[in-house]
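Let me begin by presenting the structure, written as structure tokens, before commenting on it.
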Amino acid sequence: MRQPTRAVVRVLAGIALAWLWLAWPAGSWAETGGGVTPVAGLEHTIARLTAEDPAEQEAATAELVESSDPNLLSQLEALREEADRSTRRALKPVLDLLKNRAKLGDDDPEVRRAAATDLGSVGSPLAVPWLESQLVSESHRWVRYALRESLALIRLAHGTTQQQVEAVRTLGDLASPNGLPRLKELVEEANADESETTGAGSGQPSPDVLATAHQAIEQTERWGVWAGVFETLFHGLSLSSILLMMALGLAIVFGLMGVINMAHGELMMIGAYATFVTQELFKAYLPTEVFDWYFWAALPCSFLAAALVGLLLEMSVIRFLYGRPLETMLATWGVSLILIQSARVMFGDLTAVTAPAWFSGGVQVMVGVFVPYNRLFLIVLSAVSVMAIYALLFRTRVGLRVRAVMQNRNMSACLGIPTRQVDAYTFAFGSGLAGLAGWGLTLIGNVEPGLGQNYIVDSFMVVVTGGVGKLAGTIAAALGIGGLNKVFEPSMGAVYAKVTILLLVVLFLQRRPSGLFAIKGRHAES
């Protein structure tokens, strides 16, 4: 009886060992969610990342990156949370590679483009298959540009001589701003190696690569000059649009009515603060989903707030000072100081308006030139404002009355036009335009009590240079002064550029006191 019992025990023990042998790997795989790499193996691979041997690190990185486990990224991030500092540092490049590989398939082209650029800046040859695969199916122009640029940068660093020549040629064709420093570094390293007496040529690029690199650098720098010219023109146009919006109201108040309103900049500040208050009301009382609409709601608020203050200013101060420009200038200067201090007391020294999501970002129009949406909007806004003012002044009966009063007050009064009301409403309209300029300026700057002081001098220069009271002259002068400002600034600095423009305006007015166009209006009669 003892022999059969021992045999049964041996059989049962064998069955148990076999079950354990089969069951152990299955349990481990289940814990990893059915992935390809078990946790134990993953930890071993991660440990190899921290090895001192670079070859061992590269092999471990390649093993992780080339894994087809869809849960690998989440597992690595979970392990990184509990790892020590050296392991976290070793895991970061791997995680970045995996994240950027995942982002290459994102629906947003900007995300795909950023991922491709990151992969190119990292320069890992492991990313080459991903970039090549994405390039085949990619249709967005600038994502394709980033993919080609990144492939060229990686092949320049790790490819064969023929691949390096092709990579340098590609960077030159792309006029790549990211590739230019690498190409210059390549040429400088080659020149340094040539100057050494020993060891030269061991790691030196081939003559074909160097010759192509020289051509690519020249090609890229030539393109950079044209890109800089276009960028300067756009920034000049952007600044001109700001000056134009500011000067439009001043052209009506100063040009048509002959009032030197030194508080015109503060009326713009009121428009900016009206936008800020509207934003705060949206934050406090409305759902976050409609927050971006505050900007459009602030449009009538900023215009009406500045127009109301302008109307009060005209009725309480300026009405009694018509025909007395020096007293008007001093009185409005005092009003501007009061408005600045009042804003400082109520809102503090600095507040900010959050631009709506529609105006964040921009569009790339050419290599090296990125056009922000907010500045494009300001250009469009100034163009629309000019057309609206032209239509109001020259295509409506209200504009006809305004021009009649400004050209001959007595005759207009004899014809039954209420000249006092026209004065008040015209001044309020010019003030409202200043508030509209303040509304637009919140897209590109902070709101502060001294906001208007930054533009008042330039605005007066625009109105005087263009010809007082002439809409076309105001447009031409704004384009000229804004453009010259951006042309002079890179070489002379902002302060000396403004001084130079001021001197040029003074010299111009010495030869042509009436400005670009002849003066018409009440002050011309006097």
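Residues being among the hydrophobic types (A, V, I, L, M, F, W, C) and surrounded by 14 or more Cβ atoms within 10 Å (Cβ to Cβ): count how many of those fall in region 343-355. The number of residues fulfilling the criteria is 4. Answer yes or no: is there a residue in region 356-365 that is within 23 Å of GLU448 (Cα to Cα), part of a helix (DSSP H, G or I), open to solvent by 30 Å² or more (accessible area, probe 1.4 Å) and modelled with pLDDT of 90 or more. No, region 356-365 contains no residue that is within 23 Å of GLU448 (Cα to Cα), part of a helix (DSSP H, G or I), open to solvent by 30 Å² or more (accessible area, probe 1.4 Å) and modelled with pLDDT of 90 or more.
Just give me the residues in region 341-356 being among the hydrophobic types (A, V, I, L, M, F, W, C) and farther than 27 Å from PHE377 by Cβ, in sequence order.
Looking only at region 341-356, we keep the residues that are among the hydrophobic types (A, V, I, L, M, F, W, C), and these are 343, 345-347, 350, 352-353, 355.
Correct list: VAL345, MET346.
Across region 55-76, the qualifying residues are those that are free of Cβ contacts under 8 Å to residues at least 24 places away in the same chain and more than 36 Å from the chain's Cα centre (by Cα), and the one among them that is most open to solvent (accessible area, probe 1.4 Å) is GLU58.
Take region 208-244 and flag every residue that is touching a Leu at 6+ places or on another chain (Cβ under 7 Å) and either open to solvent by 10 Å² or more (accessible area, probe 1.4 Å) or at pLDDT 90 or above (or both). Break it down stepwise before answering.
Here is the first cut: in region 208-244, the residues touching a Leu at 6+ places or on another chain (Cβ under 7 Å) are 213, 216-217, 220, 238, 240-242.
Once the filter is applied, which keeps residues that are touching a Leu at 6+ places or on another chain (Cβ under 7 Å) and either open to solvent by 10 Å² or more (accessible area, probe 1.4 Å) or at pLDDT 90 or above (or both), region 208-244 yields ALA213, ALA216, ILE217, THR220.
Restricting the search to region 117-136, which residues are among the small types (Gly, Ala, Ser) and assigned to a helix (DSSP H, G or I)? The answer is GLY120, SER121, ALA127, SER133.
For region 77-116, the tally of residues that are free of Cβ contacts under 8 Å to residues at least 24 places away in the same chain, open to solvent by less than 50 Å² (accessible area, probe 1.4 Å) and either assigned to a loop (DSSP other than H, G, I, E, B) or not small (Gly, Ala, Ser) (or both) stands at 2.
Quick check on region 285-294. Is at least one of its residues polar (S, T, N, Q) and either within 27 Å of PHE370 (Cβ to Cβ) or part of a loop (DSSP other than H, G, I, E, B) (or both)?
no
Can you list the helices (runs of 4 or more DSSP H) lying wholly within region 414-526 that have 1 or more residues being β-branched (Val, Ile, Thr) and under 29 Å from the mean Cα position of the chain (by Cα)?
On the way: elements: 419-441, 453-466, 471-492, 494-511, 522-525.
Where helices (runs of 4 or more DSSP H) fall fully within region 414-526 and carry at least 1 residues being β-branched (Val, Ile, Thr) and under 29 Å from the mean Cα position of the chain (by Cα), they are 453-466, 471-492, 494-511.
Table: residues versus (1) touching a strand residue (DSSP E or B) at 6+ places or on another chain (Cβ under 6 Å); (2) open to solvent by 30 Å² or more (accessible area, probe 1.4 Å); (3) part of a helix (DSSP H, G or I); (4) at pLDDT below 90.
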position	(1), (2), (3), (4)
LEU250	no, no, yes, yes
ASN261	no, no, no, yes
GLU266	no, no, yes, no
GLY271	no, no, yes, no
GLN279	no, no, yes, no
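The residue list GLY41, GLY14 contains one member that is over 30 Å from GLY120 (Cβ atoms), at pLDDT 65 or above and part of a helix (DSSP H, G or I), which is GLY41.
Tell me the residue from VAL365, VAL353, VAL345 that is of a type outside the set (Lys, Arg), over 20 Å from LEU311 (Cβ atoms) and in contact with a helix residue (DSSP H, G or I) (Cβ under 6 Å, 6 or more places away or on another chain), please.
Details: VAL365 fails: in contact with a helix residue (DSSP H, G or I) (Cβ under 6 Å, 6 or more places away or on another chain); VAL345 fails: in contact with a helix residue (DSSP H, G or I) (Cβ under 6 Å, 6 or more places away or on another chain).
Just one listed residue meets the conditions, VAL353.
Right, ASP173: surrounded by fewer than 21 Cβ atoms within 10 Å (Cβ to Cβ) and at pLDDT 80 or above or not? Yes, satisfied.
Look at (1) outside any helix (DSSP H, G or I); (2) under 18 Å from LEU381 (Cα atoms) and you find that SER302 fails only one, number (1).
So for region 320-332 (the condition being farther than 29 Å from ASP108 by Cβ, at pLDDT 90 or above and not polar (S, T, N, Q)), does at least one residue qualify? Yes, because at least one residue in region 320-332 is farther than 29 Å from ASP108 by Cβ, at pLDDT 90 or above and not polar (S, T, N, Q).
The values are calculated or read from the model by the stated rules, or taken from the named source; none is laboratory data. Everything numeric here is computed off the predicted structure, so don't read it as measured data. Positions of Cβ are generated from backbone atoms using ideal geometry, with glycine treated the same way; all protein chains shown enter the neighbour counts. Keep in mind that these areas ignore ligands, DNA and RNA; they rest on the heavy atoms of the full protein, side chains included. Shrake-Rupley method; radii C 1.70, N 1.55, O 1.52, S 1.80 Å.
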